[in-house]
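Notes follow once the structure below has been shown.
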Amino acid sequence: MVDMSETRARVLRGRLLCPRPDEPRVDLIADGLLVIDAAGTIVSVGAAPPDCDEPESYPGAVLVPGFVDAHVHFPQTRILGSASGPLLPWLERSVFPEEARFAEARYAAAVAWEFCEQLVRHGTTCAAIYSSSHAIAAELLFTELERRGLRGMVGLTLMDRGAPPELLLAAGPALTACEALVERWHGRDADRLRFCVTPRFALSCTPELLRGAGDLAERHALPVQTHLAENLDEISATSRAFPGAKDYLEVYEAHGLCGPRSLFAHCIHMSEGAWDRMAERGAAVAHCPDSNFFLGSGCMQLAAPTRRGLRVGLGTDVGAGRSFSLRQVMAGAHDAALAVGTRVTPEALLWHATRGGARAIGLEATVGCLAAGYEADVVALDVPEYVQGEAALLDAIAFRRDAGPVRATLVRGRVLR
Ligand code: GUN
Ligand code: ZN
């Protein structure tokens with residue numbers, strides 16, 4: 001009989017896949033018990049005793065930590081799958097016209113609902129999210145994340161050049177809007193929600209705005225997210241826009257935007273020296289292979305950051321990514337590794353989709369492990385009972401593209417609806 005004293009609000013029983021905290025390994029507990037207290041913190045994890053009479057919580061399912069989407073664009077929810085060209089033409093043709101609609105509160109609120117619904121349906125408990133450049137849309141997204149019980153960080157996407165006028169916001173008002181969002185939302189609900197400083201990319205920001213963003217991040221110790229070295233035309237345009245910088249990364253370094261709280265998406269076309277500098281500064285990477293395939297951007301060398309000890313999470317990068325599913329991204333990361341002549345195991349892929357993402361976005365003390373002391377963000381994935389043993393389970397989770405919807409998505413032990 002399981003001890004159900006007052007502090008133990010919930011017990012989950014089932015097959016558990018438990019990522020290790022600091023190495024890309026996952027341990028299977030074939031019949032495990034996960035005990036969660038009333039606050040949603042994991043109290044203990046271990047094998048069920050032989051005489052355990054606790055019923056299986058989600059029969060047939062496998063319990064893993066909630067997926068962490070390390071890079072996703074909320075205002076691109078409705079243009080997912082728009083194949084209009086490589087990065088820069090795609091931004092102009094598909095992204096900017098859609099993001100302009102987020103000036104309107106009713107539209108933004110409707111899509112915030114759809115976006116959060118997709119996260120929950122795909123077992124994503126936590127995400128690093130770009131909003132549009134409109135403060136109202138960021139506000140409405142925070143509101144919906146709060147209501148649904150999701151975890152995440154959200155940034156007002158900073159753009160004061162390089163896009164249609166209706167998307168631009170000058171440095172002064174943009175930074176004032178960020179301050180207001182920080183004040184209202186950063187640290188909300190015992191740190192379930194955070195504000196993230198989000199210059200879209202170097203090309204969409206003047207040096208003044210980049211410097212202001214760096215100062216804002218420094219002043220409040222905020223996380224920072226942006227795009228880096230995604231596409232060759234983007235890189236050429238960036239070197240023309242910032243002729244004093246020796247490479248793309250130096251643009252961010254020079255404006256106080258590259259440090260241990262920084263998260264860079266894509267990082268495809270990087271020199272060894274740039275990877276070394278990122279490692280020295282302790283920055284993290286959001287690897288977005290499906291987006292990179294869809295836009296034809298190239299394949300990131302996953303081994304480049306991992307062998308240097310950089311933190312790496314996986315990102316859907318919706319809408320350049322074609323799915324909200326981190327499982328699809330795991331499969332894509334496998335294929336991207338093959339395309340550059342390397343391999344990544346399904347064990348490492350699940351680790352990056354959960355624990356790796358938590359570390360990459362600065363939540364290493366909070367989520368990504370099924371272990372005592374972590375918050376109980378958990379997803380129940382249906383894997384047929386005939387799939388037995390750790391290797392087969394990991395293969396099924398990573399590579400069965402026709403997997404059904406998740407059985408349940410929990411944050412702090414509470415099932416999200
Ligand atoms: N670079 C600048 N903005 C974007 C975006 O919205 N998506 C992707 N994939 N890359 C970008
Ligand atoms: Zn992106």
Report summary line: If we ask which residues in the stretch 182-223 are more than 30 Å from G149 (Cα to Cα) and basic (K, R), their number turns out to be 1
Query raised in the report: Is the stretch 243-252 home to any residue that is aromatic (F, W, Y) and touching a residue at least 60 places away in the same chain (Cβ under 8 Å)?
Result: no
Query raised in the report: Residues in the stretch 200-231 that are in contact (Cβ under 8 Å) with a residue 60 or more places away in the chain and farther than 24 Å from G362 by Cα: how many?
Result: 1
Report task. Examine the stretch 108-123 for a residue that is closer than 30 Å to V379 by Cα and of a type in the set (D, E), and state whether such a residue exists. Result -> yes
Report task. State which residue is nearest to ligand 1 (Cβ to nearest atom) when the search covers only the stretch 253-268 and only residues that are surrounded by 21 or more Cβ atoms within 10 Å (Cβ to Cβ) and small (G, A, S). Result -> A265
Query raised in the report: What is the residue count in the stretch 301-336 for residues that are free of Cβ contacts under 8 Å to residues at least 40 places away in the same chain and either within 14 Å of ligand 1 (Cβ to nearest atom) or of a type in the set (A, V, I, L, M, F, W, C) (or both)?
Result: 3
Query - Residue that is at pLDDT 95 or above and either within 22 Å of S297 (Cβ to Cβ) or of a type in the set (K, R) (or both), where the choices are G212, G244, G162 - result: G162
Query raised in the report: So how many residues does the stretch 308-318 have that are surrounded by fewer than 24 Cβ atoms within 10 Å (Cβ to Cβ) and among the small types (G, A, S)?
Result: 1
Query raised in the report: Counting only residues that are more than 11 Å from ligand 1 (Cβ to nearest atom), closer than 15 Å to G296 by Cβ and among the aliphatic types (A, V, I, L, M), how many does the stretch 79-94 have?
Result: 1
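Conditions tested, residue by residue: (1) within 16 Å of ligand 2 (Cβ to nearest atom); (2) out of contact with any strand residue (DSSP E or B) (no Cβ under 8 Å at 6 or more places or on another chain); (3) more than 15 Å from Q225 (Cβ to Cβ).
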position: S132; (1), (2), (3): yes, no, no
position: A135; (1), (2), (3): no, yes, yes
position: R161; (1), (2), (3): no, yes, yes
position: P165; (1), (2), (3): no, yes, yes
position: A171; (1), (2), (3): no, yes, yes
position: T176; (1), (2), (3): no, yes, yes
position: E179; (1), (2), (3): no, yes, yes
position: E183; (1), (2), (3): no, yes, yes
position: F195; (1), (2), (3): no, no, no
Query raised in the report: Inside the stretch 294-316, can you point out the residues that are more than 20 Å from V406 (Cβ to Cβ) and under 18 Å from the mean Cα position of the chain (by Cα)?
Result: M300, L302, P305, T306, L310, R311, V312
Report summary line: The condition from (1) closer than 26 Å to S323 by Cα; (2) surrounded by 17 or more Cβ atoms within 10 Å (Cβ to Cβ) that E117 misses is numbered (2)
Query raised in the report: Wholly within the stretch 328-417, which helices (runs of 4 or more DSSP H) include no fewer than the required count, namely at least 1 residues that are surrounded by fewer than 18 Cβ atoms within 10 Å (Cβ to Cβ)?
Result: 390-399
Requested in this report: Just one of (1) in a helix (DSSP H, G or I); (2) more than 16 Å from ligand 2 (Cβ to nearest atom) trips up T238, so point out which.
Outcome: (2)
Query raised in the report: Do you know which of the residues in the stretch 208-239 that are among the small types (G, A, S) and within 16 Å of ligand 1 (Cβ to nearest atom) is surrounded by the most Cβ atoms within 10 Å (Cβ to Cβ)?
Result: A213
Query raised in the report: Can you pull out the helices (runs of 4 or more DSSP H) entirely within the stretch 120-207 that have at least 2 residues that are buried (at least 16 other Cβ atoms within 10 Å of the Cβ) and touching a helix residue (DSSP H, G or I) at 6+ places or on another chain (Cβ under 6 Å)?
Result: 135-148, 171-185
**Report entry** Selected residue [of a type in the set (G, A, S), closer than 30 Å to E114 by Cβ and at pLDDT 95 or above] from A48, A61
**Finding:** A61
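The values are calculated or read from the model by the stated rules, or taken from the named source; none is laboratory data. Quantities reported herein were computed from a predicted structural model and do not represent experimental measurements. Here the Cβ is made from the backbone with ideal geometry for all residues, glycine too, and neighbour counts use every protein chain on show.
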